[in-house]
Amino acid sequence: MTGQAPIVLFGGTFDPPTRAHAELPPQAAALAEARKLLYIPAALSPHKMDDPPASGVHRRFMVELVVDGIQGAELCDIELDRDGPSYSIDTIRELREITDGDIPFRLLIGDDQAVNFHEWKDWASIIELAEPLVLPRLWSNPDEFAHALAGEGCPWSKEQVNQWLNWRIDLPCMDISSDEVRAIIAGGGDPQDELQPDVYEYIEQQGLYQ
């Protein structure tokens, strides 16, 4: 990796974007001394093919609301403009073609995604092009994360486990998920604590997830 400040890539369905999406990635980008943080909404996540998300129009607008409040963050709709499932490797390669080659990429993912990263399309190429940056999500300390990485069904060697630990950043877990927010709304509940006020207002105005 060069000595240049990286661009942090943060992809997801953002259906809807929660307070965790708004608060943790900027902290991670700051710790990585990033020049820019890109929020990249997926058109259709390969991991959620059986559960299509809200329209890209709605999710783009909600992510814009989040990004507007974060210095150094931008919305990148490259995946929303592409047909079919949104594979990270395709996005990274496309962004690499239009970005100064001296500027490194970091791919921000949750620790749950890291454990299953071997299931991602061309995962080794992703690591070569965009070194991971891992947010604690399920495991609040490195030992728990290491145990999960070395668990049954995971192919990671001892050296690879240590590498994943090096990529992990020490931030608090925020127990907020988009799935839970949608379930709360569908059940007639109030998810205001889990969402930015403007995102919550937009969901109410548009009648989403009811």
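The table below lists the values:
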| read-out | value |
| --- | --- |
| Some residue of region 154-174 being β-branched (Val, Ile, Thr), under 25 Å from Leu9 (Cβ atoms) and in contact with an Asp or Glu (Cβ under 8 Å, 6 or more places away or on another chain) | no |
| Single residue of region 50-67 satisfying the filter (closer than 24 Å to Asn116 by Cα and of a type in the set (D, E, K, R)) that is modelled with the lowest pLDDT | Asp50 |
| The listed residue being part of a loop (DSSP other than H, G, I, E, B), at pLDDT 95 or above and farther than 28 Å from Arg19 by Cβ, out of Ile103, Ile70 | Ile103 |
| Residue within region 45-67 that is in contact with a Phe, Trp or Tyr (Cβ under 8 Å, 6 or more places away or on another chain) and of a type in the set (S, T, N, Q) present | no |
| Filtered residues of region 96-118 (kept if over 21 Å from Glu33 (Cα atoms), surrounded by fewer than 14 Cβ atoms within 10 Å (Cβ to Cβ) and of a type in the set (Asp, Glu)) | Glu97 |
| When residues of region 158-179 are limited to those that are part of a helix (DSSP H, G or I) and within 16 Å of the chain's Cα centre (by Cα), the one surrounded by the most Cβ atoms within 10 Å (Cβ to Cβ) | Ser178 |
| Qualifying residue in region 42-49 (condition: outside any helix (DSSP H, G or I), touching a strand residue (DSSP E or B) at 6+ places or on another chain (Cβ under 8 Å), modelled with pLDDT of 95 or more and not basic (Lys, Arg)) | no |
| Qualifying residues in region 119-130 (those that are not hydrophobic (A, V, I, L, M, F, W, C) and not in a helix (DSSP H, G or I)) - the one surrounded by the fewest Cβ atoms within 10 Å (Cβ to Cβ) | Lys121 |
| Neighbours by Cβ (under 6 Å, 6+ apart or cross-chain): first from region 148-164, farther than 15 Å from Glu119 by Cβ; second part of a helix (DSSP H, G or I) | Ala150/Val161; Val161/Ala146; Val161/Leu149 |
| Subset of region 103-116 [free of Cβ contacts under 8 Å to residues at least 40 places away in the same chain and not acidic (Asp, Glu)] | Ile109, Gly110, Gln113, Val115, Asn116 |
| Candidates Pro132, Pro85, Pro136 - the one that is more than 24 Å from Val199 (Cβ to Cβ) and at pLDDT 95 or above | Pro132 |
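The values are calculated or read from the model by the stated rules, or taken from the named source; none is laboratory data. Quick caveat, the model's predicted, so the values are computed rather than measured. Positions of Cβ are generated from backbone atoms using ideal geometry, with glycine treated the same way; all protein chains shown enter the neighbour counts.
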